[in-house]
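Below is one structure, written out as structure tokens; comments come after it.
The values are calculated or read from the model by the stated rules, or taken from the named source; none is laboratory data. This one's a predicted model, so the numbers in the text were calculated from it and none came from an experiment. Cβ atoms come from the backbone with ideal geometry, glycine included; neighbour counts cover every protein chain shown. The area values use the complete protein model at the heavy-atom level, side chains included, leaving out ligands, DNA and RNA. Shrake-Rupley method; radii C 1.70, N 1.55, O 1.52, S 1.80 Å.
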Amino acid sequence: MRVKILIPALIRKQVEGHEVVEVDGATVSQCIDVLRDRYPGVERWLYKGGKIATYVHIGVNGKSAAVDTPVKEGDEIKVLIATGGG
């Protein structure tokens, strides 16, 4: 199923500047994995220990979602990366 992933500004350089990347997948994690496979540079930002990192927050169609959330044709996944600073 074709799904749009909205890319945060923090990692757009890793995806050739794209604000949106379309991927195929049945769940949020499958879609994020496709993004990683296509643009390996995002792995260090989105993954920790081979899994989507706990500091990565995901929404589907404007609602908070877990990595195992199913997606369907036309859905939008929004990726937010929690950052800290002082």
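A few points about this structure:
- Close pairs (7 angstrom Cβ cut-off, 6 or more residues apart or separate chains): under 17 Å from Leu80 (Cβ atoms) and outside any helix (DSSP H, G or I) in the range 31-57, among the aromatic types (Phe, Trp, Tyr) and open to solvent by less than 60 Å² (accessible area, probe 1.4 Å) anywhere: Ala53/Tyr47
- The residues of the range 56-74 that are open to solvent by less than 80 Å² (accessible area, probe 1.4 Å) and more than 11 Å from Cys31 (Cα to Cα), listed by number, are Val56, Ile58, Gly59, Val60, Ala65, Ala66, Gly74.
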